């Protein structure tokens, strides 16, 4: 059990931006919400699942919608308390803790703001430890855990509760409601016991995110050996340093899709191409896939080591491309079916990061 | 209290086709469901609201979706019991009776099949006494009664419960879920007490539908004075006898829209134009609106007096155009805002049927 400090929060924002792998929504907006909630309602406590009653109910809470709308429409807050209350009421049981569904992007922070307001702790776990664009793309789906019952709420008081037969149908139903409710709503799903969180979730995601952000902050301050320390901590590797020479982005089927091409700094013969669907999904070096989903592709500004989101990519930008292995909990049967390259429509095999290890 | 006979059922099917005003789905499919349910589970009882405990819960049940799909995809039945059970479970209370939301088209009959299976009576009332394409287009909306909580279910076990702040949002949310669940689902909404049904519903709709069908059947058998008796019973009037000389139908925005033009039999200088949005909505005679929603426009085959649905309209068809005044319960403040010509986008004033009365 630890109380989240303002320093933790800043590190978490940086770590969450990195784990957003170019997407996941802007954590800075969520940071404002958390700061405000901590001022209004007091500090937030981060707990391990083992510190809770194993039968206690845990609910996730997140923002769902179109990234472009989420960035423009500052959350009211009531959409998040609303979806948690709707699901708790449907289940006839109050939660003992909240949990992020994804640690990566702004959904890392949303549960903190809601938890402060509801006087609940947040569990140091999640189901992705990166950003993914759909709610069924999580380790809970691999464990056969249902996203349902699930709730969606807006800031006006509209609430929907779903019982879907598969997590894929749950995703489609939630998305259809969100399209009717302003494209930026609260969602609560994957309700489960604290005991099951201990068994099936990715453990320590919040701490990992804070630690990752803390080390990246040291890189940004230019501390000695900070970059090596950062890579070591995440088992990560610098794959490419290059300049953006081509950039194609389009919004189709509710996704921000695109392709970015980099030319190596000092070597115009080496290129890297990265495919985007909200997040950075596959990196090809000279035509060969080198980093593939669910492993993480992160762009850091070459000068100041700031993570770059897909919306702010620009021609001529100089970036370091970092590959981070996904959380080990991902490596179980079925992973590639839901988050591998082919799950996103790419005819590319998954390339385990060990192959490229230093 | 009366037990529904097979003769009642046949008359009801004919009446429901007429009250569908060209739309409302095919009652013959629903008739098969009712026959089967009566064979499997026993007869169905029609009751007045006053015969029930005034505090007893009443739920509506209906099919919702695209008419073109509803006609093709024969209902499984579990989508209807599923949505009723989902809503009852959400409310934490079991219903004492079911009710049709619309008496007109196949939704007149769906509650009978579900009631037989669930061992419940059906209330002799509804909220439209004709077909309308959207769930907020009913007298309950005029009375300020919420469609929510509301449930949608499919035959696979997917269920959604909605709490919408307005009946318009409820309609949009339900429609969005239906688009994800196969376009032909069960819906239960406007849950209320038997006492409130007595106060706010259109009373005697089922009996009216049976009686109307019985009289139309007599017309079809060519009985003496049957047509005059039919018109008298419904306060209806024959507006036009003509031949279809132009027909334009298209499916846009989820509606079957279209225009049909008739030339008077024996007088090529007189024409009638009828505008369609699933149902027949406005009839113009020589450019002047003569029958307008919510009053009913019904096409009867000129030879055999069979009601003609918009899907079966054909060039050269000879039809009698009948106008029926809507249920008197419709005439209250707000009617035109939700079901008048302008609610459907026509820049036309409502023409009360009294103006044209014999």
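The values are calculated or read from the model by the stated rules, or taken from the named source; none is laboratory data. Model, not experiment: these values are computed from the prediction. No Cβ is skipped: glycine too gets one built from the backbone with ideal geometry, and neighbour counts run over all protein chains shown.
Points to keep in mind about this one:
- Here is the figure for the stretch A:122-146: residues that are closer than 27 Å to residue A:281 by Cα and either within 12 Å of chain B (Cβ to nearest Cβ) or not in a loop (DSSP other than H, G, I, E, B) (or both) total 7.
- Qualifying residue in the stretch A:204-218 (condition: more than 24 Å from residue A:125 (Cα to Cα) and either touching a helix residue (DSSP H, G or I) at 6+ places or on another chain (Cβ under 8 Å) or in the same structural domain as residue A:99 (by TED's automatic domain parsing) (or both)): yes
- The sole residue among B:62, B:86, B:66 that is farther than 25 Å from residue B:204 by Cβ and under 19 Å from the mean Cα position of the chain (by Cα) is B:66.
- With respect to the conditions (1) over 29 Å from residue A:157 (Cα atoms); (2) in contact with a helix residue (DSSP H, G or I) (Cβ under 6 Å, 6 or more places away or on another chain), residue A:33 falls short on a single one, namely (1).
- Among the residues of this structure, residue B:10 counts as one that is touching a residue at least 24 places away in the same chain (Cβ under 8 Å) and more than 25 Å from residue B:95 (Cα to Cα).
- With respect to the conditions (1) in a helix (DSSP H, G or I); (2) facing chain A (nearest Cβ under 9 Å); (3) more than 21 Å from the chain's Cα centre (by Cα), residue B:195 lacks only one, and its number is (2).
- Scanning the stretch A:150-191 for residues that are facing chain B (nearest Cβ under 9 Å) and either part of a loop (DSSP other than H, G, I, E, B) or on the phi > 0 side of the Ramachandran plot (or both) yields A:154, A:156, A:157, A:158, A:164, A:165, A:166, A:181.
- Condition check for residue A:14: assigned to a helix (DSSP H, G or I), in contact with a helix residue (DSSP H, G or I) (Cβ under 6 Å, 6 or more places away or on another chain) and crowded, with 18+ Cβ neighbours inside 10 Å: yes
- Residue A:351 vs. criteria surrounded by 18 or more Cβ atoms within 10 Å (Cβ to Cβ), more than 28 Å from residue A:26 (Cβ to Cβ) and either in the same structural domain as residue A:262 (by TED's automatic domain parsing) or in contact with a strand residue (DSSP E or B) (Cβ under 7 Å, 6 or more places away or on another chain) (or both): yes
- Selection within the stretch A:324-344 - touching a residue at least 24 places away in the same chain (Cβ under 8 Å) and assigned to a loop (DSSP other than H, G, I, E, B): A:325, A:326, A:327, A:332, A:333, A:334, A:340
- Counting only strands (runs of 3 or more DSSP E) that sit completely within the stretch B:231-323, those holding 2 or more residues that are outside the structural domain of residue B:133 (by TED's automatic domain parsing) and surrounded by fewer than 14 Cβ atoms within 10 Å (Cβ to Cβ) correspond to B:237-252, B:267-277.
- The lone exception for residue B:82 - which of (1) in contact (Cβ under 8 Å) with a residue 60 or more places away in the chain; (2) within 14 Å of chain A (Cβ to nearest Cβ); (3) in contact with a helix residue (DSSP H, G or I) (Cβ under 8 Å, 6 or more places away or on another chain) it fails: (3)
- Count of residues meeting criterion [assigned to a loop (DSSP other than H, G, I, E, B) and modelled with pLDDT of 95 or more] in the stretch B:17-39: 2
- Those residues of the stretch B:124-133 which are surrounded by 21 or more Cβ atoms within 10 Å (Cβ to Cβ) and more than 18 Å from residue B:6 (Cα to Cα), in sequence order: B:125, B:126, B:127, B:128, B:129, B:130, B:131, B:132
- Filtering the stretch A:212-228 for residues that are away from chain B (no Cβ under 14 Å), touching a residue at least 40 places away in the same chain (Cβ under 8 Å), part of a strand (DSSP E or B) and surrounded by 21 or more Cβ atoms within 10 Å (Cβ to Cβ) leaves an empty set.
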